[in-house]
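Notes follow once the structure below has been shown.
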Amino acid sequence: MKSKWQNAAIIIGLVGGIISIPKSTIEGWQTIFSRPKLDVERSVPVSIAYDPKNNVLRCSFGMLLFNAGNKAEIIKAFHAQLRVPDDPKQCVLFSDSGTVINEDKNAIGTVFTVRQNDSKSLTCEITVDSSDPIRGLFKLQPKTARELVVELVGEDQSYHPAAFHFEFGEDVLKELFDPEGRGSITFYGSEQ
Amino acid sequence: MNTAKHPHFKPLFTALFSVAVAALAQPPALPDVPRLRKLVGEGLTQVYGIPNTPFVLKYTKPGDASSGVVVATTNDTLLIDPTPCVTNQKGIITFVKPYKESKISDARCNGKSYPQIQVIQQ
């Protein structure tokens, strides 16, 4: 009778051990190796507007960030470039100085934190002079494929990229720059 | 003078005018969504050879541009798939006349080529 109880206790102990060891191991691992895991999703398509009075282009788009890791991520820098896919020579880099990042219509700057298990819905606007390199990049027809590549740089120099793809055909060029054109265009589907 | 003779016509004309203005101000008729969904479903199967691809319809406003593969057309509607290389959930973009369309380079996915157009909603 005594041995039956002893056996039951041993089995319960073993089961408890089997259950608790992996859990404690994972918790221990997470404590030692805590790190952010940032997912970047495109949420709002790219829009480009031309302001002929100031000769500037305004490029806007939206992103959804989610930190699934066990540590907050601090975004230290924001890089963006407009380029022709598969052609590294055809590329224009945008500086942070002309970039405004908004969360819920409030500007948050280009350095911000995404807490663990938290998300941020951001809209970004980049204002640049309508310089020759940018216009040249738009006038490369019949090559129409373009991409806006955005990179968020984390505290530990981790890069979180998102690429918006769109086509820049002759009609878009006219719509944007011709005096009769609308002056702005939204590349619907570039967020997909 | 005539108005003074028939003062009861004035409210009647006002009412008729108001009704006419309200009728003219009605928003344009919504597209026949079930029909469009059926056409797109058939179009996706025909273009890619994969039946029952899940999709959502998205609608454009003037100034919106998109490019992709034509999956269906009606007399006044053009529906394009902007992500021909994606095989799961698709967002099909709907353009209603007037719109501008022009041919652009083909999309290449897994060795297959698909003709593409760019469309701008006017």
Mind checking A:180-192 for the average number of partner chain beta-carbons within 10 Å of each residue's beta-carbon? 6
Whose amide H sits under 5 Å from the amide H of A:Phe187, counting only residues 5 or more places off or on another chain, with H placed in the peptide plane? A:Val46, A:Ser47, A:Ile48, B:Ala65
Evaluate peptide B:63-76: per residue, the Cβ atoms of other protein chains within 10 Å of its Cβ; return the mean as an integer. 4
Calculate the length of the line joining the C-alpha centroid of the range A:113-133 to that of the range A:158-192, in whole Å. 16
Treat each spin label as a single point 7 Å out from the Cα along the C-beta direction, and report the A:Asp86 to B:Arg35 distance in nm. 4.0
Just list whichever of A:Lys76/A:Lys174; A:Lys105/B:Lys90; B:Lys38/B:Lys61; A:Lys37/B:Lys58 have alpha carbons separated by over 26 Å in the model shown. A:Lys76/A:Lys174; A:Lys105/B:Lys90; A:Lys37/B:Lys58
Hey, could you get me the Stokes-Einstein D for the protein assembly as shown, Kirkwood radius over alpha-carbon pairs, 10 °C and 1.306 mPa s, rounded to whole µm² s⁻¹? 67
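We did not get these values from a lab; they are worked out from the coordinates using the rules stated. Nothing here was measured: the structure is a model prediction, and the numbers come from that model. Cβ atoms come from the backbone with ideal geometry, glycine included; neighbour counts cover every protein chain shown.
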